[in-house]
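Accompanying notes for the structure given below.
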Amino acid sequence: QVQLVESGGGLVQPGGSLRLSCTASGTSVSILTMGWYRQAPGKQREFLVVVFSDGDTNYGDSVKERFTISRDNARNTVYLRMNSLKPEDTAVYFCNARYLDKEYWGQGTQVTVSS
């Protein structure tokens, strides 16, 4: 069983930056496909970015110029660096892991972008 715990959310001013963390237990992130999603109030969950076990990445169009995913196998953690944040980035951010036919989600971390 894979468990994911996100952290790093909070309140940030427009134009600011945050780094979210997703720490996995139960298996190594190096073999997982790890991704980040977000869900704003009243909206569907939105794909942001994924990193595959071979290190390849795929970004959603809305964040590819501002967000960066990285993986630290030694800490079993995946990060999401978010720059130039906008009010419309306000959402709950979720970590996702996939391995074979199984999928796992973290509990989410709130990011609020407001002055």
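Scoring residue 103 on the criteria (1) out of contact with any Ser or Thr (no Cβ under 6 Å at 6 or more places or on another chain); (2) under 16 Å from residue 19 (Cβ atoms); (3) not in a loop (DSSP other than H, G, I, E, B) leaves a single failure, condition (2). Might you let me know whether the range 33-44 holds any residue that is outside any strand (DSSP E or B) and over 23 Å from residue 113 (Cα atoms)? No, every residue in the range 33-44 fails to be outside any strand (DSSP E or B) and over 23 Å from residue 113 (Cα atoms).
Filtering the range 45-64 to residues that are assigned to a loop (DSSP other than H, G, I, E, B), closer than 21 Å to residue 101 by Cβ and either of a type in the set (Lys, Arg) or in contact (Cβ under 8 Å) with a residue 12 or more places away in the chain (or both) leaves 45, 52, 53. I want to confirm something. Restricting to the range 41-90 and keeping residues that are over 14 Å from the mean Cα position of the chain (by Cα) and among the aliphatic types (A, V, I, L, M), which single residue is surrounded by the most Cβ atoms within 10 Å (Cβ to Cβ)? Top of the filtered list is 85.
Put simply, of 104, 99, 37 the only residue that is open to solvent by 30 Å² or more (accessible area, probe 1.4 Å), over 11 Å from the mean Cα position of the chain (by Cα), modelled with pLDDT of 95 or more and of a type in the set (Phe, Trp, Tyr) is 104.
The set of residues in the range 70-100 that are part of a loop (DSSP other than H, G, I, E, B) and aliphatic (A, V, I, L, M) comprises 74, 85, 100. If you go through the range 19-32 one residue at a time, do you hit one that is modelled with pLDDT of 95 or more and closer than 15 Å to residue 112 by Cα? Yes - at least one qualifying residue is present in the range 19-32. Of all the numbered requirements in (1) outside any strand (DSSP E or B); (2) open to solvent by less than 70 Å² (accessible area, probe 1.4 Å), residue 20 misses one, and that requirement is (1).
The values are calculated or read from the model by the stated rules, or taken from the named source; none is laboratory data. Keep in mind it's a predicted model, so treat the numbers as computed, not measured. Positions of Cβ are backbone-derived with ideal geometry, glycine not excepted, and every protein chain shown enters the neighbour counts. Each accessible area value is taken on the protein alone, full model and side chains, heavy atoms only, with ligands, DNA and RNA left out. Shrake-Rupley method; radii C 1.70, N 1.55, O 1.52, S 1.80 Å.
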